[in-house]
Amino acid sequence: MRIILLGAPGAGKGTQAQFLMAKYGIPQISTGDMLRAAIKAGTELGKKAKAVMDAGQLVSDELIIGLVKERIAQDDCQGGFLLDGFPRTIPQADAMKENGVAVDSVIEFDVPDEVIVERMAGRRVHAGSGRVYHVVYNPPKVEGKDDETGEELSIRPDDEEATVRKRLSIYHEQTKPLVDYYKAEAQAGACQYLTIDGTQPVEQVSTLIAEKLG
Ligand code: AP5
């Protein structure tokens, strides 16, 4: 099962990735998590990515494509994977196709911008695992702590409102064209394309995805 999660920043891709990983036993490939891990480790890639990410801009296609190509070649991805945050531009989607990486399902999360701005203000993350919470809509069992490790949760530096709005405008400009791109792929029989109402509560969104994926 090779799935792409497509949607604006904060639409719920990371949250539903946790559900899908558990349900289908496939690994999540989150380019955002991979870049944040590189920043934390102080690698060359991390140094290049940090300023770009903090400003809410996209990291270069070249860097990202190399990163994903390497990850998809690993053993645990041979039975399928869940792409979260990739592709994010037409050249990234083309690169995947040119490298012969087929996709079974594309799941688009439809959430209006104003809902996203409000969600991001309450997001808390566990940096080590990428697990995501919300202070109101998806709270951890113990306030401020990760459910599995008990470690402190943190606020992502790019969740400040002005940066979120910048990320949303980049989404509409550079990533939204992938909606038509993958709808055309689906029409040609290359994959299935599912649109999910991402404004529903977290469990409801999971149920909708499971029903549509079958
Ligand atoms: P990345 O980490 O991929 O961020 P993003 O795509 O902007 O998405 P988010 O992680 O912010 O949101 P999400 O959709 O996963 O929502 P979540 O589930 O957390 O990328 C960060 C940066 O890295 C980019 O800006 C870019 O610089 C760089 N980058 C990454 N990939 C790249 C690429 N391919 N090319 C170039 N650059 C790249 O949910 C958000 C909040 O809402 C949470 O608090 C959650 O609890 C809550 N929530 C979720 N679902 C619901 C619901 N149904 N109801 C109520 N609340 C909900």
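The values are calculated or read from the model by the stated rules, or taken from the named source; none is laboratory data. Quick caveat, the model's predicted, so the values are computed rather than measured. Virtual Cβ from ideal backbone geometry, glycine too; neighbours counted across all protein chains shown. Ligands, DNA and RNA are stripped out before the accessible areas are found, and what is left, the full protein with its side chains, is counted by its heavy atoms. Shrake-Rupley method; radii C 1.70, N 1.55, O 1.52, S 1.80 Å.
A few points about this structure:
- Net charge of neighbours whose Cβ lies under 15 Å from the Cβ of Met1, counting Lys and Arg as +1 and Asp and Glu as -1: 0
- Most mobile listed residue (Pro139, Pro157, Pro87) in the chain, GNM with C-alpha springs under 10 Å: Pro157
- The range 5-73 and the range 130-209: distance between their alpha carbon centers, rounded to Å: 12 Å
- Area of Leu35 that stays accessible when all protein chains are in place (1.4 Å probe, Å², to 10): 10 Å²
- Pairs of lysines in the range 43-176 (C-alpha under 27 Å apart; 8 or more residues apart or interchain): 14
- Placing +1 on the Cβ of every Lys and Arg and -1 on the Cβ of every Asp and Glu, with no other charges, gives the range 103-205 a dipole of roughly 120 debye about its Cα centre.
- Accessible area per residue for the chain is 50 Å², calculated with a 1.4 Å probe on protein heavy atoms, without ligands, DNA or RNA.
- Listed residues Ala37, Ala186, Ala22, most fluctuating in the chain (Gaussian network, C-alpha, under 10 Å): Ala22
- Solution diffusion estimate, µm²/s, Stokes-Einstein, the range 1-120, Kirkwood Rh from C-alpha pairs, 37 °C, viscosity 0.692 mPa s: 219 µm²/s
- For the chain, the equivalent ellipsoid derived from the Cα gyration tensor has semi-axes of 24, 21, 18 Å, listed largest first.
- The overall shape of the range 122-173 is prolate: from the C-alpha gyration tensor, with semi-axes ordered a ≥ b ≥ c, the ratio a/c is 1.5 or greater and a/b exceeds b/c.
- Unit charges on C-beta of K, R, D, E only; dipole of the chain, Debye: 240 debye
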